[in-house]
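Notes for the one structure printed next.
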Amino acid sequence: MTALNINGKEHHFESAADTPLLWVLRDVLNLKGSKYGCGMGQCGACTVHVDGRPVRSCITPVGSIGAAAITTIEGVGATPTGSKVQQAWLDLDVMQCGYCQAGQIMSATALLEKHPKPTDKDIDAGMRDNICRCATYVRIRAAIKRAAGLPETDSREA
Amino acid sequence: MRPLLHDSAEVNVSRRTFLTVGAAAGGGLLLSFSLPGFRLGTAEAGEAAGAPILNAFVRIAPDGIVTIAAKNPEIGQGVKTSLPMLIAEELDVDWKDVRTEQALLDEEAYGRQSAGGSTAIPGNYLSLRRVGAAGRQMLVAAAAANWGVPAAALTTASGVVSHKASGRSAKYGELAAKAATLASPDLATVALKDPKDFKIIGKPIGGVDSPLIVRGEPVFGIDADVPGMRYAVFEKCPVNGGKVLGANLEAIRALPGVRHAFLVKSPEGGRGMGLKDGVAIVADSWWQASKALEKLEVKWDEGVVDDQSSDYFARTAAALADKAPAKVARQDGDVEQAFADAARVVEAQYEYPFLCHATLEPQNCTAQVKDGKVEIWAPSQTPGSGQKMVASMLGVPATAVTIHLMRCGGGFGRRLANDYMVEAAWIAREAGEPVKLLWNRRQDTRHDAYRPAGFHFFKGAVDKEGRLTGLRNHFVSLGGWAGAGEFPAGRVPNLHYGTTSLPLRASTGALRAPGSNESAFVYQCFLDEMAHAAGKDPIAFQLELLSTPVEPAEDAGRRRFGMSADRMRGVLELVAENSGWNMRSRLPKGTGMGVGCYFSHGGYFAEVMQVTVAAGGALKVNKVWVAGDVGSQIVNPSGAINQVQGAVIDGISQAFAQITFDRGRVQQSNFHDFHMLRIDQAPPVEVHFRTTDFPPSGLGEPALPPAVPALCNAIFAATGKRIRRLPIEWTLKV
């Protein structure tokens, strides 16, 4: 029996220790918001927080997590930063297909926890591991600034 | 052949339209409308000539909440929001009172339910407004009957019918039951609003599923959950169309969690995008199935692969450069004479690679086969075609196949094919249990209908005045198609377009703006070369070509296939103005601006890109300016700008990616070797629309094609180096 602390609740389940957290979340615990995109930590669609750090759940074995606190997209709205990020995403109508956006929101929330007033360079560094196949990057950048209470203009403009 | 596109942006309501009315559970009004389908006016459209019936449902509950069915698959293009907006506008309700529901597949009731070709807005703009207007008319008639006043004396607003003279008013929810008993209006004659009175159309409205998605609720195909379902993986031959001879099935069946392992032998040969040979593994969890897949050993018959490598394609194409093409697509005047008489002649070889679609949600499908009935949960762009294929492969009538349209984690043309659907149905039947089939990223990258690769051998001539007098293109194609009318055909006195096709084992298909995404690159870049050869400003050079009378004469942009020179000039002039094109000589060394323009899917786009190439060759895209013309009305400006910005960045992304083959096997497998653009590489994109007096056209695709040539032409302006071969490297050799 494995025990994990997810979104403030204790979950117990049977699973091999090498099973990636993503598949336990999705197929055992029915938390389907975290998405499978690449299975090798390349796209960021599966991003969750482990003790506040963004990690790729598709390459994180459940046996490696121990007592650390996991936050998923289903729980991130309970934090003040996560809630602001979700609202900014809706205010700016960021998404197209929406498949990557759970991962984007998790990465953005972790970024803002570390850099409450991020520069464009901070955003580049914090978000470059998340692919948006629809390429909604213009609005992702603006929404992060909005959630941070910054002007939404892109300082990289020539 | 180009994919099917609707010829007319206008819905043709030449036949009588019908409306049926019934009472919804709970006493509301249920409107079920049938409209004749829009007419398909091209020869290629024969398949669809059976005039599909369009039908939309509106449900009005007693509390006034209006539920509108969203008929088409949502792939990120925003139709689950924009199509219901059309109905809500004419129904005259507030958007806050509207709920949308994804319709099941039922093309007899709803008409064509597909996502492709940027057709949703042109194909539904009038018909769905009429659906809403008919509903409004019935509610007004119900109030008129209740109050004994003429309908003409009544007005509506925000879901309320009012009689000004007596001060009476009633909410739609109160009138719905009565309205359901009244005669149905003729949709062909129902009155529509004047666009100046629009309250919903033309306003930025957020995606209807977005509040669910930010909370991580299950809305995608991959999230489908059926009681008792197992999880499947399906391994196909690395070479398209290869046969399965055997596998270590006994060993696989003994692995943890594995319930079934069996060979699938395609009854149809497996060369197209249907069922192919392979090995299915069904387990208690997808991870267990995936672990078992690592132990799978298969014996394949790959067939002949000697002529199926990318370097072989390149060598073979190069040898064809000076040969006559196998097929002549278009011939005007005497191109050889034009070269002989020219002041300057330019020759250039262009090439672009195969591309996969890389939808971020890999192909997947959930299926259940029980008592001769099949139930499917699929993220598909063409669920109707999938239904027919599943019925045919499983030997059941199409009516026995129910299809749930699941939100798609990206489409881009990949989900026009339904291979995953027929695989899931087949595996579920063989397993005797409901299954969720999910491809891993390697399988998704290696079993696609790829954007065709191609080689173009151009030769162009300009005279002493800098006019384009001759143009020749020999297109050596790997699964692509050639447009005989590619601009500037008809505007150059001597022109020769020819094609030679090389044999290809891999499947090819439509990638966002199919045909156009690669044609825009080669033609717009070569025209830029000719402009420089002529000593002219590239925009001025194209404007001049666009002012040349064309043979055969254009039809002023009324047809989706016919380009209007006026409209193209309009967007070129607008983008020149907004981007500061005429000031570009003031840009610092290593920074340059390039332009591209293209007409596709009824839309006109011109784009200017500004790039900087640093001394070491590092490339940075600083900014993109876009001017678009999609007619008289943008339905949802928020979605529209998002589509355009995304398409432009997607276009840049395409220029840096490639799929290559080695003896029939795709060499890339995931995002580490098939690169997608990241946020730090994505430039700001400034979008302007030009409003013109033409029916609205779609926005899923037409903003993409000009991005690639604008980028390549900007690199030339910055460095003097021509990009004639894709992919581009982020660090250029300068």
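Quick one: Cα centre-to-centre distance for the range B:178-237 and the range A:93-120, in angstrom?
26 Å
Using the Kyte-Doolittle scale, which helices in chain A average at least 0.5 and also have C-alpha atoms spread 18 Å or more along the helix axis, with helices defined as whole DSSP H runs?
none
Going by average Cβ neighbours within 10 Å, how do the peptides A:54-63, A:128-137 rank, with the highest at the top?
In descending order of packing, they fall as A:128-137, A:54-63.
For a test of the definition: using alpha carbon positions, the gyration tensor, and the 1.5 limit on a/c, classify the range A:2-75 as rounded, prolate or oblate.
Rounded.
Determine the percent antiparallel among the DSSP beta bridges restricted to the protein assembly as shown, to the nearest 5.
80 percent
May I ask you to compute the full-extension gain from B:R253 to B:A314, defined as 0.36 nm times their residue separation minus their alpha-carbon distance, rounded to one decimal in nm?
So the extension gain works out to 17.6 nm.
For the range B:663-669, in order, what is each residue's ³J(HN,Hα) by Karplus, 6.51 cos²θ - 1.76 cosθ + 1.60 with θ = phi - 60°, in whole Hz (x at glycine and Pro)?
Here the 3J(HN,Hα) series is 6, x, 9, 5, 8, 8, 9 Hz.
Looking only at other chains, what is the average number of their beta-carbon atoms within 10 angstrom of each beta-carbon in A:84-97?
Going residue by residue through A:84-97 and averaging, the value is 6.
Enumerate the amide H contacts of A:G33 below 5 Å, restricted to partners 5 or more residues apart or on another chain; note that Pro and chain-start residues carry no placed amide H.
It is none; the list stays empty.
If amide H atoms are built 1.01 Å from N in the plane of the peptide, which residues on other chains or at least 5 residues away come under 5 Å of the amide H of B:R230?
It is B:V435, B:K436, by chain and number.
Sorting check: for B:251-261, B:461-471, which peptide has the highest mean count of neighbouring beta carbons within 10 Å, and how do the rest follow?
Final packing ranking: B:461-471, B:251-261.
Taking the alpha-carbon set of chain B, what are its Rg and Dmax in Å?
Cα only, chain B: 27.4, 85 Å (Rg, Dmax).
Label-point separation (nm) for A:H115 and B:S585, each offset 7 Å from Cα along Cα-to-Cβ?
Calculated label separation equals 4.0 nm.
Could you work out the mean count of beta carbons from other protein chains within 10 Å of each residue's beta carbon in B:214-226?
Partner-chain Cβ atoms within 10 Å, mean over residues of B:214-226: 6.
If contacts are Cα pairs under 8 angstrom and at least 6 residues apart, what is the relative contact order of chain B in percent?
Value for chain B: 14 percent.
Using mean Cβ contacts within 10 Å as the protection proxy, how do B:116-127, B:204-215, B:161-172, B:314-325 order, highest first?
B:116-127, B:204-215, B:161-172, B:314-325
Determine the gain in length on full extension of the stretch B:D673-B:E465; use 0.36 nm per residue of separation and subtract their C-alpha separation, reporting nm with one decimal.
Gain in length upon complete extension: 70.2 nm.
Return the average number of partner chain Cβ atoms within 10 angstrom of each residue Cβ along peptide A:14-22.
Mean shielding by partner chains, rounded to a whole number: 2.
Whole-Hz ³J(HN,Hα) for each residue in the range B:450-459, computed from phi via Karplus 6.51 cos²θ - 1.76 cosθ + 1.60 with θ = phi - 60°, x for glycine and proline: what do you get?
Working through the residues one at a time gives 6, 4, x, 8, x, 10, 10, 9, 9, 9 Hz.
Show the residues, 5+ positions off or on another chain, whose built amide H is closer than 5 Å to the amide H of B:R725.
The list, which skips near neighbours in sequence, is B:E351.
Length gain on complete extension for the stretch B:V149 to B:K299, per 0.36 nm per residue less the alpha carbon to alpha carbon distance?
Roughly 46.0 nm would be gained on extension.
For the protein assembly as shown, what does the alpha-carbon gyration tensor say about shape, rounded, prolate or oblate, given a ≥ b ≥ c as the root eigenvalues, a/c under 1.5 as rounded, and a/b over b/c as prolate?
Cα axes put the protein assembly as shown in the rounded bin.
Would you mind pulling out the separation of the Cα centroids of the range B:96-169 and the range B:594-670, in Å?
38 Å
Rounded if a/c is under 1.5, else prolate if a/b beats b/c, else oblate: with a ≥ b ≥ c from the C-alpha gyration tensor eigenvalues square-rooted, which is the range B:210-282?
oblate
Taking 41 Å as R0, compute the FRET efficiency from the Cβ-Cβ separation of B:A348 and B:T691 and round it to 0.05.
Approximately 0.65, to the nearest 0.05.
With every protein chain left in place and a probe of 1.4 Å, what is the accessible surface of B:K178, to the nearest 10 Å²?
80 Å²
Using the Karplus curve 6.51 cos²θ - 1.76 cosθ + 1.60 with θ = phi - 60°, work out ³J(HN,Hα) for each residue of the range B:71-80 in order, rounded to whole Hz, and write x for Gly and Pro.
These are the phi-based 3J(HN,Hα) values: 7, 9, x, 8, 10, x, 7, x, 6, 5 Hz.
The values are calculated or read from the model by the stated rules, or taken from the named source; none is laboratory data. This structure is a prediction, so every number in the text was calculated from the model and none was measured. Neighbour counts are summed over all protein chains in view; Cβ atoms, including those assigned to glycine, are modelled from backbone coordinates with ideal geometry. Surface accessibility is based on the protein's heavy atoms, side chains included, excluding ligands, DNA and RNA. Shrake-Rupley method; radii C 1.70, N 1.55, O 1.52, S 1.80 Å.
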